[in-house]
Structures are given as C-alpha cells and as structure tokens.
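The next block holds one structure in the form of structure tokens; read it before the comments.
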Amino acid sequence: MADNKTTLFIPTNQPMESGMDKIRNRGWNVTLAGLGINLALGILYTWSIFKQAIKESVIAKDGVFNWDIASLNDPYAVCCLMFTVAMVFAGRIQDKLSPRLTAVIGGILTGAGLIVISQSNALSAWILGFGVLTGLGLGFGYASATPPAIKWFPASKTGMIAGIVVAGFGLASVYIAPLANFLIAKFGLSQAMLIFGVAFMAVVCTLAMFLVNPPEGYLPASAATAKKSAAPAPPINYTPMDMLKTGAFYKLWFMYFIGAGAALIIIGGVAGMAKNSMGDLAWIVVALMAVGNAGGRIVAGIVSDKIGRTKTLLIMMSLQAAVIFSLLFIGESEAVLLAAAATMIGFNYGTNLSLFPSATKDYFGLKNFGMNYGLVFSAWGIGGFVFPRVSQMIVASTGNQHTAYLLCSILLVAGALMSLTTKAPETSTQGQSAWNEFKDRMAFAKAQPVDIDLGARYL
C-alpha cells in the first residue's frame, strides 16, 4: 500500500546531521559574541568610579569640575533613560534588518559619547556625551546581543542563554573598575574616557560581525527532533500593539521598574559608599557587585528554566528588599558587611536582566521579541532615571540615603507580591488579530515537512 506522505529529497555531499551540527554551533558563536559585546558596554556600571572622581573635584573646588553636588547623578540618570529609548528603536531594527547593523551603531555611538566627555568637563558635555550618546549606544548594542542568541536554542534553555549573554554587562566592572582607577591615576579622567571610547568602539564593531539570526524555518535541536506524528501548536507571536493590550505586560513593566531602579541607586554610588572604609581600594566593592550582578543573571536564568520566571522573581525581589533594608543598619565604615551587601544587591539586581527578557519571550513570542522587549525594558530606563535622581535629591536635603533605602524596600515587597498574580496571557492567540494569527499559522505550516494532510493538521 502506497505511503500517503511525500518527502522532499535534497542532494548533498555532506551527511545531514553534520550540517545540523554546524548550525547548532553557530548559536554558541552568537552567544559568545553577545557576551563579549556586553563586556565592553558594561561601563555603565562603573559610573560610581567616575562620579567619585568628579565629586572629589567639586568638594575640593579645584576648578576642574564646577558642578552642583545635587547634579552628580544627572549624566548617569540621562544615560539610563536614553538606554531604554534606544532599546525600543534598536529592537525594531534588530527584528527587521539585522543584529549586526544594530551592534555596529551601538559601538559607534558608545565610543563617540566617551570621546565627547574626554574633551570637556562641563556638566552639559557629560550629559550629552555620557548621558545621550553613550546611553543610546548602550541601548543599540545591548538590544543586538540577546535576541539572536536565544533564537538559536530551544525554549528550555532560554533563561540560561539570556543569562550568559547579559552576564557580560554585569561582569564588565570586574575589569573596568580597576582599569579605570589605574587610568585615572596615571592620565586623568579625561584621557581615561578617551582610551575607553576608542577601545570599546573597536571591540563592539568587531564582535558585531559574528551576530546573525538563524535561517528562516530553523528549528532548535529539541524542536527538530520532536515526534513528527504530533501536531505542534503554532508559535506565540504578539505584535507590540497586541502586547500593550495585555495585563501581563504592565505587571512585568512595574516589577522591572522597581527591581532595576532600586538597585541602580546603590550601583551608581557604591564606590562613594565604600570610600570611607576602603579608600583607594573602593573599586573592590564595585568589582564584587559586578561579580554578583553577572552571577545573578546566569543563576536566575537556569533556576527560572526549572521553576518558572515568576516564582524566581518572588524569591529574588523579596531577598532584595531584605538586603536593601539592612543598609539602614550598616555603617559605611563596616567594609566587610558593606561588601557583602553590595554583592548580594548586585546578584539580585542581575536576576532582573535575565528574568524579564526570558518572560517577554515566553509570554509574547520571538517574532517581535526585539521591539517587545524594548518596550518592557523601558521600565529599566525610567527606573534608572527616576530612582537615582530622587535618591540624590534626598541625599542633598537630608545628608543620607536612609529614606531612599526604606522606600525601595517597601516598593520591592509590593513587586514581590505582584509576581504572585503575574502569568502569561490566557491563550497563545489572545490579543492577536485574526490576520496576524492566520499569517503566523501559515508561516509555521510552511516550516513543517511536506505532508498531504498539511491543511488538516496545521490549519
């Protein structure tokens, strides 16, 4: 009896499995390139080193930096805001054009911003250079790294791969902090920024050449080897507008806003906090926080693949609330306790950077992931702008951060409670237009093996 299935035969000189192995290996190349790009872009988390050098100049009234003390965090806050603005547009470019182009734009803008601030000590120049140009560059570079990497791997590894890629951003301060201290001591802050600008522009633009999306119709290993007799569900592919109509988006956004903003207060000022007890070795605390930051991204990614994103968020936000609250009782002269708290804050903060992109992919799909995550990531940027700015105003008026720490702890508890009610939209097609759903089903069907029962099985 004739088989009712038709199989396409494609001549080849190589075994099929060999070709698939080559494709799978490309995914790790993309992942490592993304990791390297983020290792350069993570200069954002070294802001406390630069801020401390500027603050000392302002206090000494040496005429080098004539800034208002309440404005010390302004370049950092603007940088966070521009970072998130860029993520939305960069995500769209990444989705529609290529991650390679997106990364090159990011490398050029980041380097240009650092070069600008190397030429002037004025607050306006630092807001333009570090705040606007470098902020936009970080957004473009960051947006280019994670989406192509996770597209090469099955859903069961989303958290782990996202964690590895973004770990570079968190880990960067491990080498940038001591290098910045060395360069500032030897050449001054301006020359240090020039060196960083030229170096990071070259590194990011070079690694960008390794970023590539999988070919159309590509299925990760676990999906490709699934039983052909099973009729898999069509992919979840929310458009940005469809995503904005879901309650899940706003819950993710609010939790991200709190989780990122609360920690960025500490990250932006940790070098100054450690200065009283550690002197010129304060960069060690910055490096320890960076190690925690990177570790949190990888650990949370792996754990959330096992127990779920929201359960992991509940644990991490609760822990972060407790650690930040403990800062009310830790004096800046207690080096060991401060270092331990900074490491834990970095760890818990890092979890956000793997949990929220993973949740965005799980809830809303891969097709528009770049722009969708850019919109979710706006919570990070707005949190990074609002929290440090308000914190610096509190310090200027009260002389300490205690009120800010208490407020952050309360908000983190609220975020942890919100995670209990956060889940994916009810159905895979909820919020999608009929036309978008039809197109997604057709595209999914075309990627399947040729079968005379295609219509009945997939449509």
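May I ask you to order 370-381, 178-189 by the average number of other C-beta atoms within 10 Å around their residues, highest value first?
Numbers: 370-381: 24.9, 178-189: 16.2.
In descending order of packing, they fall as 370-381, 178-189.
Averaging Cα coordinates gives a centre for the stretch 24-101 and one for the stretch 381-423; these two points are 21 Å apart. Peptides 72-79, 394-401 ranked from most to least packed give 72-79, 394-401, packing being the mean of other C-beta atoms within 10 angstrom over each peptide's residues.
For the stretch 288-431, the normalised intensity computed at q = 0.08, 0.10, 0.21 Å⁻¹ comes to -0.25, -0.39, -1.43 (log10 of I(q)/I(0), Debye sum over alpha carbons, equal scatterers, no solvent). Taking 0.36 nm per residue of separation and subtracting the current Cα-Cα distance, fully stretching the chain between Ile410 and Ser156 would add 88.1 nm.
Whole percent per 5 Å bin, from 0 to the bin with the longest distance: what is P(r) over all C-alpha pairs of the stretch 354-406? In order of increasing distance, the bins hold 5, 18, 20, 12, 11, 10, 10, 8, 4, 1 percent. Directionally averaged projected area (the stretch 129-213, Cα convex hull): 6.2 nm².
Using a 10 Å cut-off on Cβ atoms, rank the peptides 404-413, 245-254 from the highest mean neighbour count down.
On the way: 404-413: 20.0, 245-254: 18.0.
Ranking, from highest mean packing down: 404-413, 245-254.
Evaluating 6.51 cos²θ - 1.76 cosθ + 1.60 at θ = phi - 60° for every residue in the stretch 197-214, the Karplus couplings come out as x, 5, 5, 6, 4, 5, 5, 5, 5, 6, 5, 4, 5, 8, 7, 8, 7, x Hz, glycine and proline recorded as x.
Throughout, read-outs are computed from the coordinates displayed, never taken from laboratory work. It should be emphasised that the depicted structure is a prediction, and the values quoted were computed from it without experimental measurement. In this analysis, Cβ positions are derived from the backbone assuming ideal geometry, glycine residues included, and neighbour counts consider all displayed protein chains.
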